[in-house]
1. Suppose R0 equals 25 Å; then what is the FRET efficiency for residue 9 and residue 29 from their Cβ-Cβ distance, rounded to the nearest 0.05?
2. Test of understanding: ordering 13, 46, 6 by Cβ neighbours within 10 Å, fewest first, what list do you get?
3. Quick one: in the stretch 1-57, what % of C-alpha pairs are over 19 Å apart?
């Protein structure tokens with residue numbers, strides 16, 4: 001008997017990554033309302049996710065000596081949020 005594959009993803013982590021992936025080089029500023037519409041999330045949830053990302057990435061962002069293209073995108077996206 002073959003077991004079905006179980007989805008082990010955490011929805012809030014997935015939503016946070018969706019927010020980060022919404023930013024691009026040409027679109028580096030998006031408001032809570034715009035993100036909410038694009039992702040189909042409540043504005044309150046988007047706001048809380050952005051606040052959490054800002055809080056958790058603040059120390060990491062400040063440790064980067066320069067803005068490098070090969071660094072993880074989320075370091076730059078935090079700056080735009």
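Each reported figure results from applying straightforward, stated rules to the coordinates on display, with no laboratory input. These numbers were taken from a predicted model, which means no experiment stands behind them. In this analysis, Cβ positions are derived from the backbone assuming ideal geometry, glycine residues included, and neighbour counts consider all displayed protein chains.
1. Result of the calculation: an efficiency of 0.35.
2. 6, 13, 46
3. The share of Cα pairs beyond 19 Å in the stretch 1-57 comes to 35 percent.
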